[in-house]
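Here, each number is a calculation from the coordinates, and none is a lab measurement. Note that the structure is predicted; figures quoted are calculated from it, not measured. Cβ placement follows ideal geometry from the backbone for every residue including glycine, while neighbour counts extend to all protein chains displayed.
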């Protein structure tokens with residue numbers, strides 16, 4: 001009987017200990033959302049200071065490392081440059097170009 005109680009106590013201790021260390025899916029989603037926000041900010045910053053892009057009419061959205069650029073640029077060169085700059089930002093996995101040339 002003592003062995004069974006000891007085994008049960010050990011099992012419960014391990015189970016509680018391991019589940020306490022686990023992060024919740026909400027915590028992971030929050031981390032991803034915060035990272036996406038940071039990526040968007042870094043991309044916007046790069047686009048804003050670039051003399052070719054002049055990103056006044058460019059919107060940046062990030063979802064799980066995929067950046068989507070939308071809005072208006074002055075030339076095809078500006079659109080290519082915006083995609084190139086965005087793809088070089090740390091954390092960017094992919095860039096989707098939905099930019100429209102005025």
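What tally of residues in the stretch 52-73 results from selecting those that are within 14 Å of the chain's Cα centre (by Cα) and assigned to a strand (DSSP E or B)? So the count comes out to 7. So the check is Cβ under 9 Å with 6+ separation or different chains; which pairs have a first residue in the stretch 67-89 that's touching a residue at least 24 places away in the same chain (Cβ under 8 Å) and at positive phi and a second one that's crowded, with 21+ Cβ neighbours inside 10 Å and outside any strand (DSSP E or B)? Pairs found: 71/55. Taking first residues from the stretch 39-65 that are over 16 Å from residue 92 (Cβ atoms) and partners that are part of a strand (DSSP E or B), the Cβ contacts under 6 Å between residues at least 6 apart in sequence or on separate chains come to 57/71; 57/72.
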